[in-house]
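The values are calculated or read from the model by the stated rules, or taken from the named source; none is laboratory data. Please read these numbers as outputs of a predicted model, since none were measured by experiment. Cβ sites come from the backbone with ideal geometry, for glycine too, and all protein chains shown count toward neighbours.
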Amino acid sequence: MTGNKKRIIYLFLGLCAGLTGFSAVELLSAAGVESYLFLAITQGASLGLIFGFIFGFTDAIFYKELKRGLIKAGIAAGLGGLTAAAAVIFSSQGMLWTANIFKLEYEQTMGLLFPLWRGVGWMFMGMFIGAVDGIQRKTWRRGVAGGLGGLAGGLLGGLIFEFLVRFFPEAALARAFGLIAMGLLIGLFLGEFEIRFSYARLRVLNGQLKDREFLLVKPKVYLGDSIHDDVYIHGYRKILSGLILRKNSEIYLEPGDESPLLLNDEPAGIRQALKYQDVIQLGDVKLLYLPL
């Protein structure tokens, strides 16, 4: 999958997250909850769950890995829901604390401070949702890329949403536009930061996964047929394992414990440097190496 296709899919996921989140917010608003704080926490948690699940489901869409996608989506949904609920409380307390320090009037507090603090809360939600994949894979580079993307999208989108709600409190269209903007911006920055932090990609050249691409972000990328491998390859009769190692500015291929891998139709050495358009053969599957 090319970088541009990934960007488009991330934007589509953001649109879905925004529309689904809007529906959830409207349903909760119509439920007649009397406590404003409880309603705000419930709505925040619902948005976190929805955004976390949808953006966490990316592996299932990009690589057709349903099991891995569901596991990641479940963790991202839980983390997003908890973070968003905590962010509602945090933003309320932060608003009161700042208003007391600067002795601001009610109009200034609700018209400016409140949406600013809530925007910071959505920033943290986006950051944790974006970092889930890196946390799961235990790679700081992927975690930082996703975290920064979610942070930027959550902050900008959250501010747009909150200020629209303040200026047009009775307009459902404003809430819908704000949540869609937040979803699109989180998707935009998640896709952009993931691509920017990648150093290479592998394109499958044959078989049922032909033309599928895997972005390489980690300094150690494990290749194989296990769901726990970074590049998970399935659907082939024979798949060998291997490791792509990034050390300083050089990228190396290391065979696994099985039969030697082939590099450009020749047996790969214990550690062999990779160059542009090298072909790695792991049993029955061939991968084209493309540095970025």
Enumeration of residues in the range 39-74 that are within 21 Å of S92 (Cα to Cα), among the aliphatic types (A, V, I, L, M) and buried (at least 19 other Cβ atoms within 10 Å of the Cβ): A45, L47, L49
Checking V221 against (1) farther than 30 Å from L15 by Cα; (2) without any contact (Cβ under 8 Å) to a residue 40 or more places away in the chain; (3) out of contact with any Pro (no Cβ under 9 Å at 6 or more places or on another chain); (4) surrounded by fewer than 17 Cβ atoms within 10 Å (Cβ to Cβ), the condition it does not meet: (4)
Residues located in the range 37-59, provided they are over 28 Å from L96 (Cα atoms) and at pLDDT below 90: G56, F57, T58, D59
Condition check for L179: of a type in the set (A, V, I, L, M, F, W, C), assigned by TED's automatic domain parsing to the domain that holds G18 and surrounded by 20 or more Cβ atoms within 10 Å (Cβ to Cβ): yes
Any hit, the range 22-38, residues being under 22 Å from P115 (Cβ atoms), surrounded by 15 or more Cβ atoms within 10 Å (Cβ to Cβ) and in contact with a Gly (Cβ under 6 Å, 6 or more places away or on another chain): no
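Here is a yes/no grid of residues against (1) in contact with a helix residue (DSSP H, G or I) (Cβ under 7 Å, 6 or more places away or on another chain); (2) of a type in the set (A, V, I, L, M):
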residue: R68; (1), (2): yes, no
residue: A85; (1), (2): yes, yes
residue: V88; (1), (2): yes, yes
residue: F114; (1), (2): yes, no
residue: R137; (1), (2): no, no
residue: L155; (1), (2): yes, yes
residue: F177; (1), (2): yes, no
residue: G183; (1), (2): yes, no
Filtered residues of the range 109-123 (kept if in contact (Cβ under 8 Å) with a residue 40 or more places away in the chain and either acidic (D, E) or surrounded by fewer than 23 Cβ atoms within 10 Å (Cβ to Cβ) (or both)): M110, G111, F114, P115, L116, G119
Pick from the range 194-207, criterion in a helix (DSSP H, G or I) and modelled with pLDDT under 90, ranking: nearest to W122 (Cα to Cα): E194
Within the range 1-53, tally of residues that are within 22 Å of D133 (Cβ to Cβ) and touching a residue at least 60 places away in the same chain (Cβ under 8 Å): 20
Odd one out for G143 among (1) surrounded by 18 or more Cβ atoms within 10 Å (Cβ to Cβ); (2) modelled with pLDDT under 90; (3) more than 12 Å from the chain's Cα centre (by Cα): (3)
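Out of G134, G158, G149, which single residue is modelled with pLDDT under 90 and either assigned by TED's automatic domain parsing to the domain that holds M110 or more than 17 Å from K72 (Cα to Cα) (or both)? Walk me through how you get there before you give the answer.
Numbers: G158 fails: modelled with pLDDT under 90; G149 fails: modelled with pLDDT under 90.
Step by step, each of G134, G158, G149 is checked, and only G134 is modelled with pLDDT under 90 and either assigned by TED's automatic domain parsing to the domain that holds M110 or more than 17 Å from K72 (Cα to Cα) (or both).
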Tally, over the range 1-21, of residues that are buried (at least 21 other Cβ atoms within 10 Å of the Cβ) and among the hydroxyl-bearing types (S, T, Y): 1
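Counting just the residues of the range 236-283 that are in a loop (DSSP other than H, G, I, E, B) and of a type in the set (F, W, Y), which one comes out surrounded by the most Cβ atoms within 10 Å (Cβ to Cβ)? Even if it seems obvious, please write down each step before you answer.
Of the range 236-283, the ones in a loop (DSSP other than H, G, I, E, B) are 236-241, 248-249, 256-261, 264-265, 268-271, 274-278, 283.
Subset that is of a type in the set (F, W, Y): 236, 276.
Numbers: Y236: 16, Y276: 9.
Among residues in the range 236-283 that are in a loop (DSSP other than H, G, I, E, B) and of a type in the set (F, W, Y), the one surrounded by the most Cβ atoms within 10 Å (Cβ to Cβ) is Y236.
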